[in-house]
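Input: a single structure, listed below in structure tokens.
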Amino acid sequence: MSSGKINVSVENIFPLIKKFLYSDHEIFLRELISNATDATLKLKHLTSIGEANVAYGDPKIEVKIDKENKKIHIIDQGLGMTSEEVEKYINQIAFSGAEEFLEKYKDSAKDSGVIGHFGLGFYSAFMVASKVELITKSFKDEPAAHWTCDGSPEFTLVPHDKTDRGTEIVLHIAEDSLDFLEESKINGLLSKYNKFMPIPIKFGTRKEKIEQKKGEFVESENKDDVFTEVEVDNIINNPNPAWTKQPSELKDEDYKSFYRELYPMQFEEPLFNIHLNVDYPFNLTGILYFPKLGADLQIQKDKIQLYQNQVYVTDNVEGIVPEFLTMLKGVIDSPDIPLNVSRSYLQADGNVKKIANYITRKVSDKLKSLFNESREEFEKKWNDIKIVLEYGMLSEDKFYEKAGDFMLYPTTDGKFFTLAELKETLAANQTDKDGKLVILYASNKDAQHSYIDIAKERGYEVLLLDSPIVSHLIQKLEADNENVTFARVDADHLDKLITKEETQISKLSDEEKEKLKVVLETIVPKETYTVQLEAMDSKLTPFMITQPEFMRRMKEMSQSGGGGMFGMGNMPEMYNLVVNTNSDLATSILSTENEDTKKALIKQALDLAKLSQGLLKGEDLTSFVKRSFETLR
Ligand code: ADP
Ligand code: MG
């Protein structure tokens with residue numbers, strides 16, 4: 001047996017790093033600005049604890065394009081490096097000075113905001129540069145160093161006459177990456193990755209009009225004369241974004257203006273926000289916004305953005321934010337989310353799970369407090385938030401448990417009930433013979449108008465539940481509330497809600513009823529309709545088509561997915577034809593002697609019932625219309 005060390009040669013590794021380390025070449029800028037930020041934040045920390053005896057001042061980071069010479073410069077005023085430090089931090093690939101710093105100043109630097117930790121970021125420069133120079137002057141009293149490397153493992157390190165503290169990185173842009181020399185390209189990258197980084201970043205200058213002080217100008221009619229144009233640094237970032245502040249420092253308007261800062265193209269105001277702020281057992285800050293969603297979930301382009309120490313990472317928060325909340329907008333910032341790992345690994349990560357639970361809890365707490373503070377306001381927002389909440393109840397048990405406190409069920413008349421309130425209100429009037437509460441609902445106010453009307457005439461409350469996932473939600477609610485059953489207004493609830501009907505005296509004798517049934521069944525196709533005779537109020541509709549609640553719901557669920565009822569979508573349509581035996585029409589049908597007239601009466605009545613259920617289509621509809629016109633002549 002023999003053992004030893006696998007020999008990894010730098011010559012082989014270096015091109016690999018260049019090529020495969022990051023799939024996106026553009027992140028070189030984010031990495032170099034992160035290093036510049038780290039260098040500045042480290043200096044800030046060292047001056048604050050008295051380990052660096054220099055003035056911290058008002059440092060910034062500058063990005064410059066030199067198009068003519070095909071160079072990009074990134075200049076910082078951070079702590080710099082001595083030539084020994086360059087040897088140590090730059091020449092040793094995968095040795096992270098950031099990690100070493102955090103380890104060394106473990107207690108005091110925990111919140112310093114230092115970003116780096118893999119020790120690979122610097123080399124991402126070679127993804128776009130054929131040659132990289134690093135000129136650096138440490139805050140320590142030592143000469144500056146000049147490191148140069150052309151992408152091969154060989155480098156040179158010589159002294160340099162730079163006297164001001166900090167580091168300048170010079171990228172000699174490679175021929176295949178010349179597009180990075182475009183100002184618009186760099187501008188785009190800066191605003192994508194660096195918009196909220198903690199140290200001001202200068203990219204060029206811009207002209208600004210400033211008002212001149214009184215006395216410096218002669219009073220003039222021309223208003224422009226009181227202004228003068230000056231050239232100022234063009235700072236591309238906001239170093240103190242709202243989410244880094246305490247909730248107590250922020251007013252409603254601050255949250256709104258941060259929303260506009262985050263999504264400049266979004267003109268709709270958010271409904272409300274949730275400020276996330278926790279540092280144990282994981283570190284997470286952020287602001288989530290509930291946007292106006294409505295019923296149609298438009299394809300989302302403004303998504304939740306994930307940051308780490310104010311550096312933009314991604315807007316794919318799948319696996320980190322619970323799925324139902326990915327419809328929200330805003331920012332989360334956490335250094336405790338592992339990056340560069342697969343999403344499935346991410347979901348198995350303990351911290352990530354805790355973060356998802358924390359976010360769910362904060363959202364349900366916020367909803368509960370909005371509900372408690374002003375129910376009226378909450379109800380006004382309902383239509384815009386319900387989809388998220390309904391989806392949350394279905395997909396997240398932790399949310400479901402809490403949602404009972406604020407989940408609302410609106411009626412077609414614009415009243416709102418919680419489930420508990422609904423149970424109380426309906427108890428007297430809407431129970432079936434087994435003592436089960438029957439909750440009636442409509443899914444479309446127009447399509448089910450006549451049914452809603454009938455239900456209301458009988459004194460029933462009708463909910464308006466019109467989200468596409470409502471059948472799944474109802475299924476879950478029924479499973480968890482033994483004594484509750486839901487029925488759509490056009491469903492077969494009539495035989496359930498008999499309590500009121502029992503008091504109706506039948507106009508027809510049993511014999512007459514039997515006769516009517518036989519006549520009806522000769523004309524009404526029995527593959528599709530089950531004829532059902534009911535003695536109802538004579539004013540109520542004579543013919544009405546209903547569909548078994550169970551059947552319709554299973555079909556809906558298999559269509560909208562996840563219902564598990566495989567093949568239900570292909571089942572034939574089955575309906576009930578409910579005939580009001582107390583109606584005048586029922587009496588006329590019975591008393592009509594002429595067989596053809598009798599048939600015509602039933603056919604017309606059936607078509608009218610189909611029409612109000614939206615079932616009369618095609619040829620049947622055409623001949624119905626024709627026939628109806630003929631009777632007008
Ligand atoms: P990381 O940032 O993960 O530590 P990098 O490869 O990005 O790894 O950088 C390696 C090290 O080089 C840093 O930790 C830091 O010590 C040093 N370094 C890089 N850029 C600068 C800079 N602009 N100023 C001072 N030190 C720097
Ligand atoms: Mg780095």
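Along the positive direction of the dipole of the chain (beta-carbon charges: Lys, Arg +1; Asp, Glu -1; about the Cα centre), which of Gly78, Leu46, Pro468 reaches farthest?
Projecting each Cα onto the dipole axis, the largest value belongs to Pro468.
Pro525: net charge of surrounding residues, Cβ under 14 Å, Lys/Arg +1, Asp/Glu -1, itself excluded?
With Lys, Arg at +1 and Asp, Glu at -1, the net is -1.
What lysines does Lys251 reach when the alpha-carbon gap must be under 17 Å and sequence neighbours fewer than 8 apart in one chain are set aside?
Excluding near neighbours in sequence, the set is Lys366.
Treating the beta-carbon of each Lys and Arg as +1 and of each Asp and Glu as -1, no other charges, what is the dipole magnitude of the range 403-545 about its Cα centre, to the nearest 20 debye?
Numbers: 17 positive and 27 negative charges, 37 e Å.
The calculated dipole for the range 403-545 is roughly 180 debye.
Of Tyr345, Ile274, Pro335, which is farthest along the charge dipole of the range 242-376 in the positive direction, counting Lys and Arg as +1 and Asp and Glu as -1 at C-beta?
Value computed over the given set: Tyr345.
Looking at the calculated P(r) for the range 13-204, what percent of the C-alpha pair distances fall above 27 Å? Working shown, then result.
Values: 4285 of 18336 pairs.
Of all Cα-Cα distances in the range 13-204, 23 percent exceed 27 Å.
So what is the 222 nm mean residue ellipticity for the chain from helices alone, if each DSSP H run of at least 4 adds -39500 (n - 2.57) and you divide by all residues, rounding to the nearest 500 deg cm²/dmol? Walk me through the numbers on the way to the answer.
Working: 17 runs with 215 residues, N = 633.
Taking each H run of at least 4 residues, the total per residue is -10500 deg cm²/dmol.
Among the aspartates and glutamates, which fall within straight-line cross-link reach of Lys104, defined as a Cα-Cα distance under 17 Å, with same-chain neighbours fewer than 8 residues apart omitted?
Those aspartates and glutamates meeting the cut-off are Asp38, Glu51, Glu85.
Arrange Lys515, Lys301 by Cβ neighbour counts within 10 Å, fewest through most, would you? Write down the numbers at each step before the final one.
Values: Lys515 14, Lys301 9.
Taking fewest neighbouring Cβ atoms as first place, the list is Lys301, Lys515.
With point charges of +1 on the Cβ of Lys and Arg and -1 on the Cβ of Asp and Glu, referenced to the Cα centre of the range 318-466, which listed residue (Gly319, Ala455, Gly404) lies farthest in the positive direction of the dipole?
Gly319
Over the Cα atoms of the chain, Rg to Rh with Kirkwood Rh, two decimal places? Walk me through the intermediate numbers first.
Details: Rg = 36.0 Å, Rh = 30.8 Å.
Answer for the chain: 1.17.
At a Cα cut-off below 25 Å, give the lysines reachable from Lys456, other chains included and same-chain residues fewer than 8 away excluded.
Of all the lysines, those that pass the test against Lys456 - Cα under 25 Å, at least 8 places apart if same chain - are Lys380, Lys386, Lys415, Lys423, Lys433, Lys436, Lys445, Lys496, Lys500, Lys507, Lys539, Lys610.
Determine the relative contact order of the chain: mean sequence separation of Cα pairs under 8 Å and six or more apart, normalised by residue count, in whole percent.
Values: 1002 pairs, mean separation 46.6, N = 633.
Contact order relative to length: 7 percent.
Which value, in debye to the nearest 20, gives the size of the charge dipole of the chain about its Cα centre, when Lys and Arg are +1 and Asp and Glu are -1 at the Cβ?
640 debye
Pick out the long, greasy-scoring helices in the chain: whole DSSP H runs spanning 24 Å or more along their own axis by Cα, mean Kyte-Doolittle at least 0.0. Display every interim value, and only then the final one.
On the way: long enough: 27-48 (31 Å, 0.21); 350-373 (34 Å, -0.66); 375-395 (27 Å, -0.72); 595-612 (26 Å, -0.33).
Span-like helices in the chain: 27-48.
No value in this document is a laboratory result; all are computed from the given coordinates. Since we're looking at a predicted model, the values are computed, not measured. Neighbour counts run over all protein chains shown; Cβ positions are idealised from the backbone, glycine included.
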